[in-house]
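The block underneath contains the structure these notes are about, expressed in structure tokens.
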Amino acid sequence: MRRVVITGMGAVTPLGNSVDETWAGIKAGKSGVANITHFDTTNFNVKYAAEVKDFDPANYFDPKAARKMARFTKFALAAAKMAIDDAELSERKDILADAAVFLGVGIGGFEITESGCIKYYQSDFKRVPPMTIPQLIPNEAAGNICMEFGIHGPSHTIATACSSGTDAIGDALDLIRSGRRDICLTGGAESTLNGYAILAFDVLQTLSKSFVDDPTKASRPFDKRREGFVMGEGSAILVLEEYEHAKARGARIYAELAGYGASSDGYHLTSPDPSGIYGADAMVRAMKDAGVKPEEIGYYNAHGTSTHLNDSGETTMIKKAFGEETAKKLKISSTKSMTGHCLGAAGAIEAMITVKALQEGFLPPTINLDDPDVEGGCDLFYIPNKGIRENVDCAMSATFGFGGHNGILVFKKSE
């Protein structure tokens, strides 16, 4: 089997507009949650979110082109540029031309949907903005990346709700293993911080809304006081490359992407299967794919949304996949406590964080974990509030999406 490694990374997140800024925020246990600035929240129950801050697309690409893009596409293009530069591929047009792009997007240009509908109704059903469709469809981010960087390999967009970024990376792994391509830009992008989206999630009773006095405390996975997730936005892009190809061109290698596992609950549109069987199955398959045993996983980056159903359900999955004794020793954290839940981009951002954890020997904390909900089933070790300095050789990143989508990645430390 062809080995696949990560040779470049780029990110735009609520903690910073680069991988380094984001990682510095993770190590510091910083929250990216604050009062919403994208729209007037006066008539909304939800007042806070994890917004990307101080982002200027002109720092990454032509600002004229940016006017024709939805916000999630701008994030993806910026993260892709950073990843390409990081992989030292910006001058290798020959390599980029033969590359692929696999991007996870859960929803797409939701703010374009909102503004287009407003225009439609205000014009007595006669007008919509001319760029409505090109901006709102989820595949436009991958398409714009290909146009910007002269990429002519396959360009796919994967939509599996909150597992989109993870599944895109997993599909990219399979693409390179198959021998069809040697390089793939992959990850996820999402931005749904507008009134329409916030209200649509709020009516599902999924969002936190009670921490108005201190929004930084709102995202608190596995804690007794958790009440729902905090909406986030952003993008992370990884450059995946076949190992021999990377070695031949002298590329820096961050880590090896060793395994991927996926499954479907087939249970409920928004709730995970309480038995945890199929989420656990995805974990087992990812470990088998990577050729590792449960006791070899030194760090687990949890989906950890800060909802009652997810956090207890994910704990059940971990116990089933790893076994009770190994699960008790496993070091787990949810970095959504800092980034919020970035939906289709979540798996990609968390994959990037997991790679940095392996590279630097630092296991991120779960901030705001003041009183673990042991009675509610959250009885494992979730690295509360302060990260741990520890070198590990193998790590897992997990995501679970609406519709019962389960996606798992396993990374190995670079040799």
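Structure notes:
- The set of residues from region 25-56 being touching a Phe, Trp or Tyr at 6+ places or on another chain (Cβ under 9 Å) and of a type outside the set (Lys, Arg) comprises Ile26, Val33, Ala34, Asn35, Ile36, Thr41, Val46, Tyr48, Val52, Phe55.
- Candidate set: region 270-289, residues that are aliphatic (A, V, I, L, M) and open to solvent by 10 Å² or more (accessible area, probe 1.4 Å); chosen: the one nearest to the chain's Cα centre (by Cα): Val284
- Listed by first and then second residue, the pairs linking a residue in region 47-76 that is more than 24 Å from Ile198 (Cα to Cα) and among the small types (Gly, Ala, Ser) to a residue that is modelled with pLDDT of 95 or more and part of a loop (DSSP other than H, G, I, E, B), with Cβ atoms under 6 Å apart and 6 or more places separating them unless they lie on different chains, form an empty list.
- When region 127-148 is limited to residues that are in a loop (DSSP other than H, G, I, E, B) and of a type outside the set (Lys, Arg), the one that is nearest to Leu173 (Cα to Cα) turns out to be Asn139.
- Residues that are more than 19 Å from Thr399 (Cβ to Cβ) and open to solvent by 40 Å² or more (accessible area, probe 1.4 Å), drawn from region 309-325: Glu324, Glu325
- Flag for Glu375 being over 22 Å from the mean Cα position of the chain (by Cα), acidic (Asp, Glu), at pLDDT below 95 and in a loop (DSSP other than H, G, I, E, B): no
- Qualifying residue in region 151-173 (condition: touching a helix residue (DSSP H, G or I) at 6+ places or on another chain (Cβ under 9 Å), open to solvent by less than 50 Å² (accessible area, probe 1.4 Å), more than 27 Å from Tyr60 (Cα to Cα) and in a loop (DSSP other than H, G, I, E, B)): yes
- The condition of being small (Gly, Ala, Ser), open to solvent by 20 Å² or more (accessible area, probe 1.4 Å) and at pLDDT 95 or above does not hold for Gly259.
- Within the set Phe149, Phe102, Phe125, Phe110, the sole residue that is in contact with a Pro (Cβ under 9 Å, 6 or more places away or on another chain) and among the aromatic types (Phe, Trp, Tyr) turns out to be Phe102.
- Where helices (runs of 4 or more DSSP H) sit wholly within region 285-372, those with at least 3 residues that are closer than 29 Å to Phe72 by Cβ and not polar (S, T, N, Q) occupy 308-322, 346-360.
- When Gln205 is tested against (1) of a type outside the set (Ser, Thr, Tyr); (2) assigned to a loop (DSSP other than H, G, I, E, B); (3) in contact (Cβ under 8 Å) with a residue 24 or more places away in the chain; (4) surrounded by fewer than 24 Cβ atoms within 10 Å (Cβ to Cβ), only condition (3) is not met.
- Qualifying residue in region 3-21 (condition: closer than 30 Å to Ser337 by Cβ, assigned to a helix (DSSP H, G or I) and without any contact (Cβ under 8 Å) to a residue 40 or more places away in the chain): yes
- Residue within region 344-354 that is open to solvent by 10 Å² or more (accessible area, probe 1.4 Å), in contact with a strand residue (DSSP E or B) (Cβ under 7 Å, 6 or more places away or on another chain), touching a residue at least 12 places away in the same chain (Cβ under 8 Å) and not basic (Lys, Arg) present: no
- Residue within region 229-236 that is in a loop (DSSP other than H, G, I, E, B), in contact (Cβ under 8 Å) with a residue 24 or more places away in the chain and closer than 20 Å to Val374 by Cβ present: no
The values are calculated or read from the model by the stated rules, or taken from the named source; none is laboratory data. This one's a predicted model, so the numbers in the text were calculated from it and none came from an experiment. Here Cβ is always computed from backbone atoms with ideal geometry, including for glycine, and neighbour counts include all displayed protein chains. Areas reflect the complete protein model, heavy atoms only, side chains present, ligands, DNA and RNA absent. Shrake-Rupley method; radii C 1.70, N 1.55, O 1.52, S 1.80 Å.
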